[in-house]
Amino acid sequence: MSGTPENIVRLDGVEKHFGAVRALDGVDLAVNAGECVGLVGHNGAGKSTLMNVLSGTTAPGAGVISLRGVDVTRGYSVATATTAGIRCVFQELSLCPNLTVAENARIMHSALSGFGWRRRAGALIIDQLDRIFPGHGIAAGDNVGDLSIARRQMVEIARAFSVTDTAAALVILDEPTSSLDAHVAAQLLAFVRDFVAAGGSCILISHLLGEIIDTADRIIVMRDGKVVAERAGSGFTRDSLVAAMGSVAKDDAAGRAAFASKRESGAPRVRAKPKAQTDGRDLVAHPGEIVGLAGLDGHGQKAMLLAIMGEGETGQGDVTVTGPLALVAGDRQNDGIFPLWSIARNTGIRSLRALRTGFLIDRKKEDALAEEWRERIGIRTPDVHNNILSLSGGNQQKALFARALASDAETVLMDDPMRGVDVGTKQEVYGMIREEAKGGRTFIWYTTEMDELDHCDHVYVFRDGRIVADLPRSELTEEKVLHSSFEEAKS
Ligand SMILES: Nc1ncnc2c1ncn2[C@@H]1O[C@H](COP(=O)(O)OP(=O)(O)OP(=O)(O)O)[C@@H](O)[C@H]1O
């Protein structure tokens, strides 16, 4: 059972257990040359673990791995995978933040050694960025730690597709568009189709079912560590995919229609004017409102959220806030989780006052809060005392939501918060946000997903650090948002 030479890679009966958790429970999978395989499944289904096995970073507990028809299970490693041209774009990006873009390219491509390596590494990565993301605005000498998460994602993708001594035979992309805006995501997906047409192979992991259906030749659905469905991409609709995932997702259209948008009057809870704003526009959010921030990524939306969070002290704008705030950070790894702490401590950290007994944090109260939210938001873990890093990416994101929603914040700021969250959970969280807003909570929500703007009472479109459009929900259309996003800001 070691497949045929057409199989770039083939797995038979692969298993991986983490204690009691069966992350992979007998997975069979084959990828051929010249095809894009879509991989979908709920948060914690086992997709990233499967990718880690393929890339050689996780050794399976059982099963057979073969490359081009040859059984390579014994001693399979990162080096074996690299030599075979298997490249990965990880969900939690793997670039070194203290190095430049060119230096990060050098780390992956050992052929870039010797005299003038820095110049050659820079040329290689910039050339690939130009090919995939024309107009990317990234320079070879930029420090990766200074780049936005979207740009870091672009560098990681370009690095995986770059060719030096070994060609990229199979590129595995784990949620590659989750922090890209619609325009840049479309550039990537078009490139993937070209790469596959030229004989390359891709595994595309995503929770954005539309992009999977449009891009993948074949779609594999995982549930609880098993492959539960496999068909040609054209054989699935969004609904049949959701059903195969065993997701509880309901069509949210009814919920959205029933949601009566309103612009409240009276004293706002937040009033904020971006630093670069030269006209009279400002962002206003009243109690009970859901306010959306839109536009192409990197045009001042995150700076606006941080200016509000810092109540103007970041110097990024004029801000007036009343009441406590909480932030669901966009960069989960760097700004969101405390990686050495348990799920319970990560959930409770924004509610310390409520969790105190006397001067001390009451661990029983902290556990009770974490248990309550594990149930409410469906965090998949056998134990809330486990380290936060034992959760899948989407489940870590749910813990960050729980942290903000469980807090006493009257205004919750959300920086593209659905990154990596599965379709079923998203619908539940949308419902929770609407309920909380009905109860008087304010949400200010930056999103790169156009559909999510439909949940907002009011949307501000950003361009070049300024608000360029201000749309009540009744006037909101995708066309208007795109038009404003690309329009030059008037000074
Ligand atoms: N290092 C680890 N220690 C303990 N459990 C782990 C570890 N890595 C993964 N798991 C568990 O294995 C299961 C599968 O996780 P995996 O990250 O593969 O899911 P996923 O399908 O990629 O989810 P997501 O869509 O959220 O990224 C989860 O229950 C997760 O908690």
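The values are calculated or read from the model by the stated rules, or taken from the named source; none is laboratory data. Every value quoted in this text rests on a predicted model; they were computed, and no experiment measured them. Counting neighbours? That spans all protein chains shown, and the Cβs are built from the backbone with ideal geometry, glycine included. We work out accessible area using only protein heavy atoms, side chains counted, and drop any ligands, DNA or RNA first. Shrake-Rupley method; radii C 1.70, N 1.55, O 1.52, S 1.80 Å.
Quick check: is even one residue across region 156-167 among the aliphatic types (A, V, I, L, M) and crowded, with 23+ Cβ neighbours inside 10 Å? Yes, some residue in region 156-167 is among the aliphatic types (A, V, I, L, M) and crowded, with 23+ Cβ neighbours inside 10 Å. Across region 95-110, what is the total count of residues that are surrounded by 15 or more Cβ atoms within 10 Å (Cβ to Cβ) and in a loop (DSSP other than H, G, I, E, B)? Here the count works out to 3.
Among the residues of region 114-131 satisfying the criterion of being of a type in the set (A, V, I, L, M, F, W, C) and out of contact with any Leu (no Cβ under 6 Å at 6 or more places or on another chain), which is farthest from K302 (Cα to Cα)? Spell out the reasoning first.
Taking region 114-131 and keeping what is of a type in the set (A, V, I, L, M, F, W, C), we get 115, 117, 121, 123-126, 129.
Filter once more, so that each one left must be out of contact with any Leu (no Cβ under 6 Å at 6 or more places or on another chain): 115, 117, 123-126, 129.
On the way: F115: 40, W117: 35, A123: 30, L124: 30, I125: 27, I126: 26, L129: 24 Å.
Checked region 114-131; the qualifying residue farthest from K302 (Cα to Cα) is F115.
What number of residues within region 45-57 satisfy the criterion of being open to solvent by less than 30 Å² (accessible area, probe 1.4 Å) and farther than 20 Å from T381 by Cα? Let's see the steps before the verdict.
Filtering region 45-57 for residues open to solvent by less than 30 Å² (accessible area, probe 1.4 Å) gives 45-47, 49-51, 53-56.
Now narrow it down to the ones that are farther than 20 Å from T381 by Cα: 51, 53-56.
The number of residues fulfilling the criteria is 5.
Filtered by the rule that a residue be more than 29 Å from T177 (Cβ to Cβ) and not hydrophobic (A, V, I, L, M, F, W, C), region 321-349 gives T322, G323, P324, S342, R345, G348.
Among the residues of region 190-207, count how many are surrounded by 17 or more Cβ atoms within 10 Å (Cβ to Cβ) and of a type in the set (A, V, I, L, M). Walk me through it before giving the result.
First, pick out the residues of region 190-207 that are surrounded by 17 or more Cβ atoms within 10 Å (Cβ to Cβ): 191-192, 195-196, 200-207.
From what is left, the residues that are of a type in the set (A, V, I, L, M) are 192, 196, 203-205.
Looking only at that region, the number is 5.
Considering each residue of region 199-223, count those that are within 19 Å of A30 (Cα to Cα) and either of a type in the set (K, R) or in a loop (DSSP other than H, G, I, E, B) (or both), and give that number. The total comes to 7. Any idea which of (1) within 16 Å of the ligand (Cβ to nearest atom); (2) farther than 24 Å from S94 by Cα; (3) aliphatic (A, V, I, L, M) is the one L325 doesn't satisfy? The single condition L325 does not satisfy is (1). Residues of region 45-60 that are more than 8 Å from the ligand (Cβ to nearest atom) and outside any loop (DSSP other than H, G, I, E, B): V53, L54, S55. When region 436-469 is filtered for residues that are open to solvent by 10 Å² or more (accessible area, probe 1.4 Å) and within 19 Å of T322 (Cα to Cα), the ones remaining, listed by number, are E436, K438, G439, G440, R441. The set of residues in region 363-386 that are within 16 Å of the ligand (Cβ to nearest atom), of a type in the set (G, A, S) and modelled with pLDDT of 90 or more contains only A370. Every listed requirement among (1) open to solvent by 40 Å² or more (accessible area, probe 1.4 Å); (2) in contact with a Pro (Cβ under 8 Å, 6 or more places away or on another chain) is met by V89 save one, (1).
Output the number of residues of region 423-468 satisfying the condition of being of a type outside the set (D, E) and closer than 25 Å to G393 by Cα. Explain how you work it out, then say what you get.
Of region 423-468, the ones of a type outside the set (D, E) are 423-427, 429-434, 437-448, 450, 453, 455-456, 458-463, 465-468.
Keeping just the survivors that are closer than 25 Å to G393 by Cα gives 423-427, 429-434, 443-448, 450, 453, 455.
Adding up the residues that qualify gives 20.
Against the test of being within 16 Å of the ligand (Cβ to nearest atom) and open to solvent by 50 Å² or more (accessible area, probe 1.4 Å), the options H17, H42 yield a single qualifying residue, H17.
Could you tell me which of the residues T381, T320, T411 is open to solvent by 70 Å² or more (accessible area, probe 1.4 Å) and of a type in the set (V, I, T)? Spell out how you get there, then give the answer.
Numbers: T381 fails: open to solvent by 70 Å² or more (accessible area, probe 1.4 Å); T411 fails: open to solvent by 70 Å² or more (accessible area, probe 1.4 Å).
Answer to the check: T320.
Checking the condition within 16 Å of the ligand (Cβ to nearest atom), surrounded by fewer than 21 Cβ atoms within 10 Å (Cβ to Cβ), more than 22 Å from K426 (Cβ to Cβ) and of a type in the set (A, V, I, L, M), which residue from L360, L352, L389 passes? Steps first, answer last, please.
Values: L360 fails: within 16 Å of the ligand (Cβ to nearest atom); L352 fails: within 16 Å of the ligand (Cβ to nearest atom).
Answer to the check: L389.
One residue stands out in region 65-83 among those that are open to solvent by less than 40 Å² (accessible area, probe 1.4 Å) and of a type outside the set (S, T, N, Q): the one that is farthest from the chain's Cα centre (by Cα), namely G69.
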